[in-house]
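These notes are about the structure you will find just below.
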Amino acid sequence: MKAAVIIPAAGSGQRMDNKVKKPYITLQGLPLLAYTLRVFDDAQAIAQLIITVSPGDEEYCRREVVERYGIKKMVSVVAGGDRRQDSVRNGLAAVGEEADLIMIHDGARPFVTVQMITDALEVTMRKRATTMAVPVKDTVTVVTKDTEVIERTLERDRLYLIQTPQTFERSLISEAHRRAFTEGFAGTDDASLVERLGVPVSIIRGSYDNIKITTQEDLLFAEALLQRRQAT
């Protein structure tokens with residue numbers, strides 16, 4: 001079994017209020033994207049890394065992240081699209097022929113672990129489609145659209161926060177993206193595209209540490225997580 005990972009990293013970081021694009025914002029002197037790449041570089045089952053970046057950033061990403069921080073595996077850096085979904089589709093076109101499974105992981109989730117990657121690949125070999133997720137901690141309600149009054153409270157023990165990596169049989173995720181593109185469907189994530197095909201997506205328990213860095217507050221939390229890891 002061989003696997004490839006597509007890492008969308010074309011985010012502009014507008015919500016970060018930072019002049020530096022989000023993948024290249026540093027955490028203790030290291031770009032966020034470099035943390036993510038190093039984990040996948042260490043995962044033995046991953047044969048190829050495909051990074052999708054903002055068009056025009058291909059050479060910069062390869063020189064300043066891939067080469068500078070010593071990523072050893074085969075890496076393809078390709079231009080992303082207008083939306084994350086378009087970027088992943090571009091990444092699929094760059095996957096080598098030998099890959100049986102395709103994993104998709106946000107470049108701005110630097111605290112993924114090799115164990116998460118291994119677990120996701122092992123379960124996907126049996127289940128065909130999986131996503132990391134964690135149970136919600138807070139009460140979640142649906143509100144009326146105009147007045148924002150609580151309409152109903154959802155059953156919390158059935159609610160999960162979806163994370164990445166999301167992992168799929170190659171033929172399955174390729175068909176899901178082909179259909180979405182042909183039919184003009186925009187999904188919330190890659191798992192939602194597979195759900196449209198009538199294929200169940202299985203949950204794998206993730207970690208509350210596996211955060212997606214989107215805001216300045218997330219950076220502060222990430223700093224604390226990194227310090228805790230270094231202390232253990």
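Checking the structure you have, find out if any residue of segment 97-104 is at pLDDT 95 or above, within 14 Å of the chain's Cα centre (by Cα), buried (at least 18 other Cβ atoms within 10 Å of the Cβ) and farther than 15 Å from R170 by Cα.
no
Looking at segment 188-212 only, could you name the residues that are in contact (Cβ under 8 Å) with a residue 40 or more places away in the chain, under 26 Å from E97 (Cα atoms) and not in a helix (DSSP H, G or I)?
If the condition is that a residue be in contact (Cβ under 8 Å) with a residue 40 or more places away in the chain, under 26 Å from E97 (Cα atoms) and not in a helix (DSSP H, G or I), then D189, V199, P200, V201, S202 are the ones that fit.
Taking strands (runs of 3 or more DSSP E) that fall entirely within segment 37-121, which contain at least 3 residues that are touching a residue at least 40 places away in the same chain (Cβ under 8 Å) and either under 19 Å from K212 (Cβ atoms) or of a type in the set (S, T, Y) (or both)?
46-53
Hey, any hits in segment 182-191 for a residue that's within 23 Å of the chain's Cα centre (by Cα) and farther than 25 Å from N90 by Cβ?
Checked against the condition, which is being within 23 Å of the chain's Cα centre (by Cα) and farther than 25 Å from N90 by Cβ, segment 182-191 yields no hits at all.
What is the one condition in (1) small (G, A, S); (2) on the phi > 0 side of the Ramachandran plot; (3) surrounded by 11 or more Cβ atoms within 10 Å (Cβ to Cβ) that G206 does not satisfy?
Failed condition: (2).
Tell me, which residue of segment 105-125 that is crowded, with 18+ Cβ neighbours inside 10 Å and more than 15 Å from the chain's Cα centre (by Cα) is nearest to D189 (Cα to Cα)?
T124
Among D146, D157, which is modelled with pLDDT under 95 and not in a helix (DSSP H, G or I)?
That would be D146, the only listed residue that is modelled with pLDDT under 95 and not in a helix (DSSP H, G or I).
Is it true that some residue in segment 4-24 is in a loop (DSSP other than H, G, I, E, B), at pLDDT 95 or above and loosely packed, with under 15 Cβ neighbours inside 10 Å?
no
When the residues of segment 185-198 are filtered to those that are surrounded by fewer than 17 Cβ atoms within 10 Å (Cβ to Cβ) and either among the small types (G, A, S) or in contact with a helix residue (DSSP H, G or I) (Cβ under 8 Å, 6 or more places away or on another chain) (or both), which remaining residue is farthest from S87 (Cα to Cα)?
G198
Which residue, of F168, F181, is more than 15 Å from D106 (Cβ to Cβ) and not in a helix (DSSP H, G or I)? If you could, list the steps in order and put the result at the bottom.
On the way: F181 fails: not in a helix (DSSP H, G or I).
Result: F168 is the single residue among F168, F181 that is more than 15 Å from D106 (Cβ to Cβ) and not in a helix (DSSP H, G or I).
When the residues of segment 143-181 are filtered to those that are under 19 Å from the mean Cα position of the chain (by Cα) and among the aliphatic types (A, V, I, L, M), which remaining residue is surrounded by the most Cβ atoms within 10 Å (Cβ to Cβ)?
If we take residues in segment 143-181 being under 19 Å from the mean Cα position of the chain (by Cα) and among the aliphatic types (A, V, I, L, M), then I173 is surrounded by the most Cβ atoms within 10 Å (Cβ to Cβ).
Report yes if some residue within segment 133-142 is of a type in the set (A, V, I, L, M), within 29 Å of K2 (Cβ to Cβ) and surrounded by 12 or more Cβ atoms within 10 Å (Cβ to Cβ); otherwise report no.
Looking through segment 133-142, at least one residue is of a type in the set (A, V, I, L, M), within 29 Å of K2 (Cβ to Cβ) and surrounded by 12 or more Cβ atoms within 10 Å (Cβ to Cβ).
Within segment 210-232, can you find the residues that are surrounded by fewer than 16 Cβ atoms within 10 Å (Cβ to Cβ) and touching a Leu at 6+ places or on another chain (Cβ under 9 Å)?
Hit for segment 210-232 is E223, nothing else.
The values are calculated or read from the model by the stated rules, or taken from the named source; none is laboratory data. Everything numeric in this text was worked out from a predicted model, so none of it was measured. Heads up, the Cβs are rebuilt from the backbone with ideal geometry, glycines too, and the neighbour counts pull from every protein chain shown.
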